[in-house]
Amino acid sequence: MKFRAEIDVMPVKEILDPQGKAVKLGLTNLGLKEVSNVRIGKHILLELEADSEEAAAAKVEEACKRLLANLVMEDYSYKITQE
């Protein structure tokens, strides 16, 4: 079966996010003073073959832990849907 995984990788809350700070400053300079915090991360789409949703989730977990996220500095979450 074919599955699609949508993965979000974000810096952990305890880590400073210089990209987010730069974007927040830019938004403030544009007059959007209501924005109080910005965090910048990655959104990754994977299409994969697996026998079941559980097997697809196991493959996505492995990809996140071994390559897509730096677990010291980033958290990840994902949603899997069948194609």
Acute angle (nearest 10 degrees) that the helix 53-63 long axis makes with the longest principal axis of the chain, alpha-carbon atoms = 50 degrees
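Taking every pair of alpha-carbon atoms in the chain, give the share separated by more than 17 Å as a whole percent.
Details: 1877 of 3403 pairs.
Counting pairs separated by more than 17 Å, the tail of P(r) holds 55 percent.
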Reachable lysines from K79, criterion Cα separation under 19 angstrom, eight or more residues apart if same chain = K2, K42, K59, K65
If R0 = 41 Å, then K21 and S52, at their Cβ-Cβ distance, give a FRET efficiency to the nearest 0.05 of 0.45
Report, to the nearest 10°, how far helix 18-29 tilts away from the longest principal axis of the Cα atoms in the chain, using its own Cα long axis and a range of 0 to 90°.
-> 50 degrees
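All of the numbers you see were taken from the coordinates with simple rules; none came from a lab. The model shown is predicted, which means the values in this text are computed figures rather than measured ones. With ideal geometry, Cβ positions are generated from the backbone for all residues, glycine too; neighbour counts draw on all protein chains shown.
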